[in-house]
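Every number here is computed from the coordinates shown, using simple stated rules; none is lab data. This is a predicted model, so every value here is computed, not measured. Cβ coordinates were reconstructed from backbone atoms using ideal geometry, including for glycine residues, and neighbour counts include every protein chain displayed.
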Amino acid sequence: MIRQLAKIVIGFLFICPLLLPTVAETKNNQRWVLEIGLSKEKYLLREPVWMDVTLTNVSQDTLRSWLGPPCFGMFHIHVKDSLGKELPYTGVMLDGVWTEGFLMAAGEQLYDCLNLLDYFAGNRIAFWFGKFPLGEYSVTATYRTEHSNELRFEVVEPAGSEEEAYRIILEAFSVRSMYPDSTAPLLQKLLEEYPESIYAERALQKLDQGQNLLKRFPNSGFCSNSLRSLTRGMADDEKRNYLNEVKETFTGTRAAKFAEQMLMMLEKEADKDTTEQEMRE
């Protein structure tokens, strides 16, 4: 009995290395490429730090994937300060939340744009207006076992007219919890006195002026929610026409990318409905 067990163990140890993929095979069997991007290298205090995320299926198979908040199991973002210390995650926790994700064909891409302030620069009570301390930072991301490129950015003090605009929006958010009715007039004041300020982007989003946000800040990540809100209730054909118009009008911007992504999801839903109908028949 002992001899038989010994033979089995020796045989298993001999076969195991043959079952493990080599480094070359692992690389050749790569399924994903993850890329991140920033639109600039310097940001003002409390200015949204929009990070583009593009996930590409580089395999020959159809794969299920999902990009969401960076605390979710498969997808993570890592932000470090100039000393190499990783910033703690302070956003909403969604671990354990189930989602089917999306089926991605070979060569297909999934796009998202995330504001790093929402996840690493606040606390769970006031995450809606967090901030990175002044200084330099680096950011990377991972999806399953794939690592993205590394990017660097710096957070600096607002100056001149931006400093005045910053004071107004800071006051607006500081009174939000106790005097919510006072928030809108302050944000409107910012838009009237400093219409070109980068903080106007945040003001338009909080005032729910989606159409104005789209026109004035088509490169804002807030355009994602604006497009969803603006197309809510539209019939599919009307929604397609509107999203295609956004793509043509704001070519090369994040708004156009969001519109393209929404069109892709719309087609996937249509294909799914058609398949389910055919199966019922």
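Some values worked out for this structure:
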item	result
Across 40/257; 131/206; 40/247, pairs whose alpha-carbon gap is larger than 20 Å	40/247
Placed amide H near residue 104: partners under 5 Å, 5+ positions off or other chain	63, 64, 65
At 1.306 mPa s and 10 °C, Stokes diffusion of the stretch 29-157 via Kirkwood alpha-carbon radius, µm² per second	103 µm²/s
Simple label model, 7 Å out from Cα along Cβ direction - residue 74 to residue 241, nm	3.6 nm
